[in-house]
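One structure is given here, and the rest of the page talks about it.
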Amino acid sequence: MINRNLGTIERLLRLAGAVLLSVWLLARGSHDILSVLAGVAALALFANAIFSRCYLWALLGINSCDPEDEHCGAPPQGS
């Protein structure tokens, strides 16, 4: 398991992106490959927002956590 690497603002932006993609998918009403890809992207953004972790950011060494946040950079308790 990787350490948390997403700050609060980035988590909110990812959550907003997931919601916008989901609304767009529902309004679109089509079931083509673009819908599938957008659905996967929405799920990934939602998971990133909920768990505060982005595997791509971890591979690139990016960490947007607030250094004063006691939960950033450390795995959650019980892990």
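The values are calculated or read from the model by the stated rules, or taken from the named source; none is laboratory data. The model shown is predicted, which means the values in this text are computed figures rather than measured ones. Neighbour counts are summed over all protein chains in view; Cβ atoms, including those assigned to glycine, are modelled from backbone coordinates with ideal geometry.
A few notes on this one:
- The range 31-50, residues that are touching a Lys or Arg at 6+ places or on another chain (Cβ under 7 Å) and farther than 28 Å from Asp66 by Cα: Ser35
- Consider the range 1-30 and keep the residues that are under 17 Å from Glu70 (Cβ atoms) and basic (Lys, Arg). The one that is nearest to the chain's Cα centre (by Cα) is Arg11.
- Search result, residues across the range 1-33 that are surrounded by 12 or more Cβ atoms within 10 Å (Cβ to Cβ), out of contact with any Ser or Thr (no Cβ under 8 Å at 6 or more places or on another chain) and part of a loop (DSSP other than H, G, I, E, B): Ile2, Asn3
- Residues of the range 45-56 satisfying the condition of being buried (at least 17 other Cβ atoms within 10 Å of the Cβ) and either of a type outside the set (Phe, Trp, Tyr) or at pLDDT below 90 (or both): Leu45, Asn48, Ala49, Ser52, Arg53, Cys54
- For the range 35-71, the set of residues classified as part of a loop (DSSP other than H, G, I, E, B) and without any contact (Cβ under 8 Å) to a residue 24 or more places away in the chain consists of Gly61, Pro67, Glu68, Glu70, listed by residue number.
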